[in-house]
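As structure tokens, the structure follows; a few thoughts come after it.
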Amino acid sequence: MGEVTMQCNICQNISNKKFTARVLNKYDVDYFYCSTCGFLQTEKPYWLEEAYRESITLSDTGILERNLLFAKDIALLLATFFSIQGKYLDFAGGYGIFTRLMRDIGFDFYWSDSYTKNLIARGFEYSDSIHPIEAITTFETFEHFVQPIQEIEKLLSISKNIIFSTQLLPDNVPKPEQWWYYVFEHGQHVSFYSKRTLEYIAQKYSLNFYSFGHFHVFTAKRLNKAYLKFILGYQHYGIRKIILKKLVSKTFSDFESFRSKK
Ligand SMILES: [Zn+2]
């Protein structure tokens, strides 16, 4: 029998055992819920090496569709509230698909990922010399963080604006069979954030927190949420073109800069 409580990885208060589930079809893993900040975490994850043998899982059939959709919406968000000349980092950017798409739209995006090989955005690897970073995007990463506070602080040291996606944990913690986002079979999701958890984190770092459908934002800025909702909702009525009109695609200029380096 394992422990019945552990310390919450977000707020350090007591987290209580909520349920046990079978991970990677072989490990019985305890999940702990903190009622103070609404965060659900697994016990110390000893199975990750096995879980990450393939960093992008075989079952990720939505990889291209998701990147296209995200690039479209994030371009509007960035052009509305952030600098169109700024530099951006796609943290844990996988194969580099999103970085390339954003450069194609006209944003100066860079890629980093400790676990996956950059295939699509080669030549645009992030390093400390690339700064300031206007904002970081990072999709489907927070739920993988074993030490979320440490990771978030690392990101905040690069930029105070973080745009990310993760599915919000409902206030009534779903039973194991009730929520697909636990994905017990691949064992990579170990941290689950409710809206309350994200609000707690924002407050801890004196940031504002916003949610827009798939996306969440930690930012030092104040964003007009209604305005962005309007733009995202009516983007097909010519508004998209107006908002993005100052951006110049880097598809060809990137090509030329590589060619001239030879
Ligand atoms: Zn907590």
For this session: Could you identify the single residue in LEU228, LEU169, LEU232, LEU155 that is of a type in the set (A, V, I, L, M, F, W, C) and part of a loop (DSSP other than H, G, I, E, B)?
Result: LEU169
For this session: Please give the strands (runs of 3 or more DSSP E) falling wholly within region 1-106 in which 2 or more residues are of a type in the set (A, V, I, L, M).
Result: 14-23
For this session: Find all pairs meeting these conditions: Cβ atoms under 7 angstrom apart; at least six residues apart or on different chains; first residue within region 4-17 and touching a residue at least 12 places away in the same chain (Cβ under 8 Å) and closer than 13 Å to THR42 by Cβ; second residue near the ligand (Cβ under 8 Å from one of its atoms) and outside any strand (DSSP E or B).
Result: CYS8/THR36; CYS8/CYS37; SER15/CYS8
Problem set entry | Qualifying position, being within 16 Å of the ligand (Cβ to nearest atom) and either surrounded by 18 or more Cβ atoms within 10 Å (Cβ to Cβ) or touching a residue at least 40 places away in the same chain (Cβ under 8 Å) (or both), among GLU50, GLU43 | GLU43
Problem set entry | Residue check, THR36 surrounded by fewer than 18 Cβ atoms within 10 Å (Cβ to Cβ), of a type in the set (S, T, N, Q) and more than 16 Å from the ligand (Cβ to nearest atom) | no
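Table: residues versus (1) over 20 Å from ILE231 (Cβ atoms); (2) over 14 Å from the mean Cα position of the chain (by Cα).
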site	(1), (2)
LEU78	no, yes
ARG100	yes, yes
SER114	yes, yes
LEU119	yes, yes
HIS144	yes, no
Seminar exercise, completed: Of ILE120, ILE133, ILE84, the only residue that is of a type in the set (A, V, I, L, M) and under 19 Å from PHE164 (Cβ atoms) is ILE133
Exercise. Counting only residues that are more than 8 Å from the ligand (Cβ to nearest atom), surrounded by 15 or more Cβ atoms within 10 Å (Cβ to Cβ) and of a type in the set (A, V, I, L, M), which one in region 1-23 is nearest to PRO170 (Cα to Cα)?
Worked result: ALA21
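Read the figures in this text as sums done on the coordinates, not as results from a lab. Just so it is clear, the model here is predicted, and its values are computed rather than measured. In this analysis, Cβ positions are derived from the backbone assuming ideal geometry, glycine residues included, and neighbour counts consider all displayed protein chains.
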